[in-house]
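Okay, so here's the structure we're looking at.
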Amino acid sequence: MDDINRLQTPFHLGAWIGLWDDPNSWKYGIGSNSNSWRWSTIGETTQINYQIWNTPNPEYQSSRETCVGIWNGKWYDANCDLARNFACYSVTQQNVKQYVFIQTLRTWSSGQAYCRTHYTDLAKVDNKAENSELTKTIPAWVETWIGLYRVPWSWSDNSRSLFKNWDSSSPNNANGNQHCVAENALHQWNDENCNVNKVFICHQVVKMTTTVRLTTVTDVELTDPAINAQVFQQVQ
Ligand SMILES: [Ca+2]
Ligand SMILES: [Ca+2]
């Protein structure tokens, strides 16, 4: 809020700030940026980049969909709070993933906790063969959580602050194309279409210099460079 208070000029039509949900990181790829997809068991994406979306997913509807389910062999993003069946996996000694379909309705994170207790984690899928194996364990037309998720919104300068100041109706990803953030006259934030022209606010980090002024009472000759150096060393 100190930073917010430093933004003094109100802009009634909104001013762009550096928060965004770069669609190139999650809509068109598994990605490697901070707001891209991650596997539950490793907490990050893989270099393999295998994906099989049920288009138009992932679409991050209403800014609520950050967990992934599988349905008839294809993936979709959905609200993590929905109760769904889920798929766990464990790894054999031959390093082969074995998938287990759990026929109990749970939220994504509740399913994750169950899988971590009884197996390795929620299902991780790295290639087409594994996706087929997983699909075989799941009855047709049954929505099932897998271990893919993402943390949306990141800062343009790649800093890690989790602070948000959304207005009461944001973010909502209206029309499915609101991936950049502007602040209103009250300095509250709204997700909007990145292609709209707005004024914008930059930032830079200013180096602060501190000056210390000392008064000393002493008999020594302070103009002597050697003594001067000693005093300076003490002050440092
Ligand atoms: Ca979706
Ligand atoms: Ca919005």
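Figures for the structure shown
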{"read-out": "Strands (runs of 3 or more DSSP E) fully within the range 40-115 counting 2 or more residues that are crowded, with 19+ Cβ neighbours inside 10 Å, within 14 Å of ligand 1 (Cβ to nearest atom) and of a type in the set (Val, Ile, Thr)", "value": "65-71"}
{"read-out": "Pairs with Cβ under 6 Å, 6+ apart, first in the range 165-176 and closer than 16 Å to Gly18 by Cα and at pLDDT 95 or above, second within 15 Å of ligand 1 (Cβ to nearest atom) and not in a helix (DSSP H, G or I)", "value": "none"}
{"read-out": "Residue that is surrounded by 12 or more Cβ atoms within 10 Å (Cβ to Cβ) and either among the hydrophobic types (A, V, I, L, M, F, W, C) or over 15 Å from Asp21 (Cα atoms) (or both), where the choices are Trp141, Trp155", "value": "Trp155"}
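The values are calculated or read from the model by the stated rules, or taken from the named source; none is laboratory data. Nothing here was measured: the structure is a model prediction, and the numbers come from that model. For neighbour counting, all protein chains shown are included, and Cβ atoms are generated from backbone atoms with ideal geometry for every residue, glycine included.
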